[in-house]
1. For the range 227-279, give me each residue that is assigned to a helix (DSSP H, G or I), among the small types (Gly, Ala, Ser) and within 22 Å of Ala152 (Cβ to Cβ).
2. Output the number of the condition that Arg189 fails; it satisfies all remaining conditions of (1) of a type in the set (D, E, K, R); (2) surrounded by fewer than 15 Cβ atoms within 10 Å (Cβ to Cβ); (3) more than 26 Å from Ala70 (Cβ to Cβ).
3. Among the residues that make up the range 36-48, is at least one of them open to solvent by 20 Å² or more (accessible area, probe 1.4 Å), part of a helix (DSSP H, G or I) and either closer than 23 Å to Leu249 by Cβ or not charged (D, E, K, R) (or both)?
4. Please verify whether Leu122 is outside any helix (DSSP H, G or I), at pLDDT below 95 and crowded, with 18+ Cβ neighbours inside 10 Å, treating the condition exactly as stated.
5. I want to confirm something. Restricting to the range 230-281 and keeping residues that are of a type in the set (Gly, Ala, Ser) and at pLDDT 75 or above, which single residue is surrounded by the fewest Cβ atoms within 10 Å (Cβ to Cβ)?
6. From the list Ala94, Ala82, Ala108, pick out the single residue that is part of a helix (DSSP H, G or I) and under 16 Å from Gly53 (Cβ atoms).
7. Quick check: anything in the range 81-102 open to solvent by 50 Å² or more (accessible area, probe 1.4 Å), in contact with a helix residue (DSSP H, G or I) (Cβ under 7 Å, 6 or more places away or on another chain) and without any contact (Cβ under 8 Å) to a residue 24 or more places away in the chain?
8. Do we have Leu284 as modelled with pLDDT of 85 or more, open to solvent by 30 Å² or more (accessible area, probe 1.4 Å), within 29 Å of Pro8 (Cβ to Cβ) and part of a helix (DSSP H, G or I) here?
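The values are calculated or read from the model by the stated rules, or taken from the named source; none is laboratory data. Worth saying up front: this structure is predicted, and the values here are computed from it rather than measured. No Cβ is skipped: glycine too gets one built from the backbone with ideal geometry, and neighbour counts run over all protein chains shown. With ligands, DNA and RNA removed, areas are computed over all heavy atoms of the protein, side chains included. Shrake-Rupley method; radii C 1.70, N 1.55, O 1.52, S 1.80 Å.
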Amino acid sequence: MDLSAINPILFIAGFLVAATPLIFAAIGELVVEKSGVLNLGVEGMMITGAICGFATAVETGSPMLGFVAAAVGGAALSLLFAFLTQITLANQVASGLALTLFGLGLSALLGQSYVGIKPPRLGDINFGPLADIPVIGPILFTHDIILYLGLALVAGVWAVLKFTRAGLILRAVGESHDAAHALGYKVVRIRTMAIMFGGACAGIGGAYISLIRVPQWTEGMTAGVGWIALALVVFASWKPWRLLLGAYLFGGITQLQLNLQGAGVAIPVEYLAMSPYVITIIVLVILSADKSAAPASLGRTFHASH
């Protein structure tokens, strides 16, 4: 065991990367839940985005086109969920679970011919002299554009929810869809748009895993990140900045277990691999959100005939 092999600068830079798929998936789900919808299909939309992004990047040679395709793929799959829950009024929990199973199966089918292929690399942003600042430079200024977009997205969602009329309407629909409907707001349309936004974000998060974090395609490679994203929304009490902290906590634990494996720590690798999920559960239990923080209409079906 050689803990000196763990480079703290590379470790911190690595957990920023590890947290990015989680940030995209969780911030998308936060918007969905703010509208009063519970979508348990995040994992399915992420894995669909992972293969759509990977396949597009390989075929076109453009990683950025891959991320666009991932967003479209995730949003398209979320439309199926929107149709089931908002039009046919199917149970949201059952529909979300079905969406995850469908996404896992579809991605396995689409990805058969991409196993073992390396995708084109998305280069890091050139920050010039900033990247040469000791300690801070290698940690903050040596990443790709998608990582910084994730941070901008959190800030954007926070600003929209807190300061804009669109955010107020979204929160109103989530708190009382009947009251929002009585005021003339199109509840189904608003929720469908929120669901599609969540699907697009989950798709980008999935593509980040297959194109940047683990640049290859393997079946089921999201490995439960979608479920952690769902837990993070609750842990964060539906607050964007707290969600960002939770994502970094999980990213740090994930990166730490990989580094401990590399350093030859005398703990069975299976225990290290499951540690991020165990610690996430413990943190959720300790810091579980006050139920009053949840949108009042979360998971409830809206009947337009009301």
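1. Within the range 227-279, Ala229, Gly246, Ala247, Gly251, Gly252 meet the criteria.
2. Of everything listed in (1) of a type in the set (D, E, K, R); (2) surrounded by fewer than 15 Cβ atoms within 10 Å (Cβ to Cβ); (3) more than 26 Å from Ala70 (Cβ to Cβ), Arg189 misses just condition (3).
3. Within the range 36-48 (the criterion being open to solvent by 20 Å² or more (accessible area, probe 1.4 Å), part of a helix (DSSP H, G or I) and either closer than 23 Å to Leu249 by Cβ or not charged (D, E, K, R) (or both)), the answer is no, since none of the residues qualifies.
4. yes
5. Ser237
6. Step by step, each of Ala94, Ala82, Ala108 is checked, and only Ala108 is part of a helix (DSSP H, G or I) and under 16 Å from Gly53 (Cβ atoms).
7. yes
8. No, not satisfied.
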